[in-house]
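Asks: One structure follows; several queries about it will come next.
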Amino acid sequence: GEWDTYLPIRVNNGDYAQNMEWNGVSDLSAEVYTMIDDEFMYLGAIVTDDVLYDKDTPQRVWNNDSIQFAVAIERRAGSRNSEFGIGFSNGEVTLQRYTSQAINNGVVEVTFDEQTEYAVKRYENEKKTVYELKMKLSDIYDVVPDVKILKSIVFGLCINDHDGDARGWMEYTGGGIARPKDTSLYMDLPVYGN
């Protein structure tokens with residue numbers, strides 16, 4: 001309910017589907033909400049998905065039903081970025097960092113700030129999964145920007161779907177996270193209130 005006054009990113013169109021046969025909004029779709037303040041970035045999402053898959057390891061949460069998102073320094077190929085995956089792995093909720101603004105390969109073994117919090121809950125009868133994340137900006141940025149003068153952040157979003165036999169995804173910007181890895185394909189996400 002706390003997200004009601006914010007405009008969601010709606011991923012509900014077959015044009016976003018990649019590496020999968022998309023069978024409509026009940027197959028895979030999402031509403032994603034973001035907010036940012038002086039200390040935290042917040043992400044909330046409601047994902048509709050007909051089959052929950054969570055059989056891969058936490059480090060490979062991207063291969064399960066999950067959300068990946070990334071924030072880059074600027075929208076150009078090769079820009080430093082921080083990429084994350086959140087979802088279930090064998091019934092347990094996990095948050096993974098895949099890149100940081102200084103490191104760009106594999107899972108990055110850096111401890112999250114103790115104030116970073118996350119939760120994922122599946123509602124099987126409704127075929128919906130709810131994601132909530134409150135992430136310390138210092139877990140995203142090597143040098144935390146002054147949010148008071150920030151007009152937008154460079155943001156990428158990918159909703160992963162695995163139905164048990166194959167993995168596909170819906171990427172809001174048409175690429176950048178899953179394939180290809182290219183920060184120039186991210187979007188400028190407005191920071192409201194500044």
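The values are calculated or read from the model by the stated rules, or taken from the named source; none is laboratory data. The model shown is predicted, which means the values in this text are computed figures rather than measured ones. All Cβ positions, glycine included, derive from the backbone under ideal geometry; neighbour counts span all protein chains shown. Note: areas computed on protein heavy atoms with side chains; ligands, DNA, RNA excluded. Shrake-Rupley method; radii C 1.70, N 1.55, O 1.52, S 1.80 Å.
Asks: Determine the per residue accessible area of region 32-73 with all protein chains present and a 1.4 angstrom probe, expressed in square angstrom.
Replies: Averaged over the residues of region 32-73, the accessible area is 35 Å².
Asks: Share of the chain's accessible area from carbon and sulfur, percent, 1.4 Å?
Replies: Working: 4500 of 9530 Å².
Carbon with sulfur: 47 percent of the solvent-accessible area.
Asks: Pull up the cross-link candidates among the lysines for K128, meaning alpha carbon to alpha carbon under 25 Å and not fewer than 8 places away within one chain.
Replies: K55
Asks: Could you check the spin-label model distance between V143 and K121? Points 7 Å from the Cα along Cα→Cβ, value in nm.
Replies: A separation of 4.1 nm, rounded to one decimal place.
Asks: Roughly speaking, what is the stretch gain from E92 to A166, that is 0.36 nm per residue apart minus the C-alpha to C-alpha distance, in nm to one decimal? Walk me through the intermediate numbers first.
Replies: Details: separation 74, 0.36 × 74 = 26.64 nm, distance 2.12 nm.
Result for the pair: 24.5 nm of gain on full extension.
Asks: Rounded, prolate or oblate: which fits the chain when a ≥ b ≥ c are the square roots of the eigenvalues of the alpha-carbon gyration tensor, with rounded for a/c under 1.5 and prolate only if a/b beats b/c?
Replies: Judged from the Cα gyration tensor, the chain comes out rounded (a/c under 1.5).
Asks: Quick check: Cα centre of region 16-62 to Cα centre of region 138-152, how many Å?
Replies: What the calculation gives is 24 Å, centre to centre.
Asks: Can you give the accessible area per residue of region 81-191, in Å², using a 1.4 Å probe? Each step should come with its number before you reach the end.
Replies: Values: 5200 Å² over 111 residues.
The answer is 47 Å² per residue.
Asks: Continuing with the same structure: Of G78, G156, Q96, whose Cα points farthest to the positive end of the dipole of the chain (charges on the beta-carbon: +1 Lys, Arg; -1 Asp, Glu; origin at the Cα centre)?
Replies: G78
Asks: At 7 Å along the Cα-to-beta-carbon direction for both S184 and T111, put a label point, then send me their distance in nm to one decimal.
Replies: About 4.0 nm separates the two model spin labels.
Asks: Which ³J(HN,Hα) values in Hz, rounded to whole numbers, follow from the phi angles of region 10-23 under the Karplus curve 6.51 cos²θ - 1.76 cosθ + 1.60, where θ = phi - 60° and Gly and Pro get x?
Replies: 9, 10, 8, 9, x, 4, 7, 6, 9, 6, 7, 8, 8, 10
Asks: Which shape class applies to region 77-172: rounded if a/c is under 1.5, otherwise prolate when a/b exceeds b/c and oblate if not, where a ≥ b ≥ c are the square roots of the Cα gyration tensor eigenvalues?
Replies: On the way: a/c = 1.77, a/b = 1.60, b/c = 1.10.
Prolate.
Asks: If you average the sequence gap of Cα pairs under 8 Å that are 6 or more apart and divide by the length of region 28-107, what percent do you get for the contact order? Please list the in-between numbers first.
Replies: Details: 144 pairs, mean separation 16.9, N = 80.
Taking the mean separation of contacting Cα pairs over the length of region 28-107, I get 21 percent.
Asks: Might you report the magnitude of the Cβ-based charge dipole of the chain about its Cα centre, with Lys and Arg at +1 and Asp and Glu at -1, to the nearest 20 debye? Don't jump to the answer; show the numbers that get you there.
Replies: Numbers: 18 positive and 33 negative charges, 105 e Å.
Value, rounded to 20: 500 debye.
Asks: Now, a different point. Can you tell me the length gained on complete extension of the stretch A77 to K128, counting 0.36 nm per residue apart and subtracting the Cα distance? Numbers along the way, then the final one.
Replies: Values: separation 51, 0.36 × 51 = 18.36 nm, distance 3.40 nm.
Separation in residues times 0.36 nm, less the Cα-Cα distance, equals 15.0 nm.
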